[in-house]
1. For segment A:171-227, what is the relative contact order in percent, using Cα pairs closer than 8 Å and at least 6 residues apart in sequence?
2. Semi-axes of the equivalent ellipsoid of segment B:64-123: what are they in whole Å, largest first, if each equals the square root of 5 times a C-alpha gyration tensor eigenvalue?
3. As a test, work out the antiparallel percent of DSSP beta bridges whose residues both lie in chain B, rounded to the nearest 5.
4. What gaps in nm, shortest first, separate residue B:145 from its twins in the other copies when you place the label 7 Å past Cα toward the beta carbon?
5. Please arrange A:77, A:169 by counting, for each residue, the other beta carbons lying within 10 Å of its beta carbon, fewest first.
6. Can you tell me the relative contact order of segment B:1-105? Whole percent, Cα pairs under 8 Å, sequence separation 6 or more.
7. Using only helices, what value at 222 nm comes out for chain A when you add -39,500 (n - 2.57) per DSSP H run of length 4 or more and divide by the total residues, to the nearest 500 deg cm²/dmol?
8. Jot down the radius of gyration and Dmax of segment B:122-227, Cα atoms only, both in angstrom.
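Derivation of every value follows stated rules applied to the coordinates shown; laboratory data play no part. Given the structure is predicted, the values throughout are model-derived calculations rather than measurements. Reconstructed Cβ throughout: ideal geometry from the backbone, glycine too, with neighbour counts over all protein chains shown.
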DNA sequence: ACAAAAGTGTTGCCATTACACCCATGC
DNA sequence: GCATGGGTGTAATGGCAACACTTTTGT
């Protein structure tokens, strides 16, 4: 058997939530090398010899976009022989979530262009990255229903309406405000704070906070987060 | 940057269901090369340059065990730098399901020893394979609740009690026979045949068959398989 | 006073659960 | 006729969905 000539890469599908415009954002970079030079693509790159896959993702994200990731999870590994036109590259895709304060990119970092795109209005993408994104979207949409990952897209303290809007935006379906709150509060993993937030118009909203500790206890007892 | 020295492998966690003893079986091979020579391990090996990951899994399974796989799904990619004591090997793990007729191994194939083990009575395993198996078990247990993969472990035509026993065995919890059947039949994806099966003792059982076509139609319409 | 957003309870329905006896066959 | 496994219905409960008006603030 001949020597294996397969390169291993990682790619990151990073989502953010834009409270202002109630949109799901996706982080892309513009490639500055061939192939697909000057096209938009997912942040990512080859894995170094001594780093773990997660370290590789974080490093590439830092180098290419300056974004700090809040939640990272392995998505799927793409290994079709010709997904890269030059060499064989197998890529382990991750999906990540970032907080709203990351939404204004410090484009300063390094040379590459990095930008947020509205999830339903993406430019043409390099490689099979559109497919990867589709899978990531599917995953986040189903996962958000039975694990409390939505909070990773919000500020630590948030008005309940933010959470509600996040869910409607992500799932593209209407939610009954009363039922939604009832259900979430009944789990006992969200605490009501004594602070308020005023957005400029309308009645000020109480702020809430997700309690990770309570959530782990819930899980220990066989309880389930579920929307 | 120095040349990347990472090898890419695949491993397969293959489950079977033993009707006789109502046990979940796991397929293992005995390694005949270092490292971990003579230890039990998951079937798997390095990916060839021009084959897809799925092809690699099927090939290795065929070479090492002779088993024909009925369902194959990517599980997770394991990439910790030192999971293989010699070189860095990143492994894409798959989990597979086989039909009961595969359960009697044609051990004839090739030289390697391949054997079924009861899932709760495994020998010490090479590498991080125990961890991979744990994750696979978790996955199959949760997946069997909301996707009709249980049928992939049974004969095409099966008595309802087989399905019921498979679920109790897998999920380790009791099931009410009447409610279970009611629920499954109400989905309209299982057809009752006019054939009967007699196991030697007791009343003969009607045979049933999972109807893939109906299932896809159900899914199109937004319906859900769920136990 | 009006516009904008937040807050709040009750009712009906359907899905899930709990539960036990008779039936068909082989020996 | 007895042992073995298969087959079947009903009633109670609880979780989920549907539903609209009042409150607080800024302008």
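1. Values: 43 pairs, mean separation 17.7, N = 57.
So the answer I get is 31 percent.
2. Details: eigenvalues 129, 48, 31 Å².
Square roots of five times the eigenvalues give 25, 16, 12 Å.
3. On the way: 29 of 39 bridges.
Roughly 75 percent of the beta bridges in chain B run antiparallel, per DSSP.
4. List, nearest first: 1.3 nm.
5. On the way: A:77 23, A:169 16.
The fewest-first ordering by Cβ neighbours comes to A:169, A:77.
6. Numbers: 191 pairs, mean separation 37.9, N = 105.
Answer for segment B:1-105 is 36 percent.
7. Numbers: 5 runs with 62 residues, N = 227.
Theoretical 222 nm ellipticity from helices: -8500 deg cm²/dmol.
8. According to the Cα coordinates of segment B:122-227, Rg and Dmax are 16.0, 49 Å.
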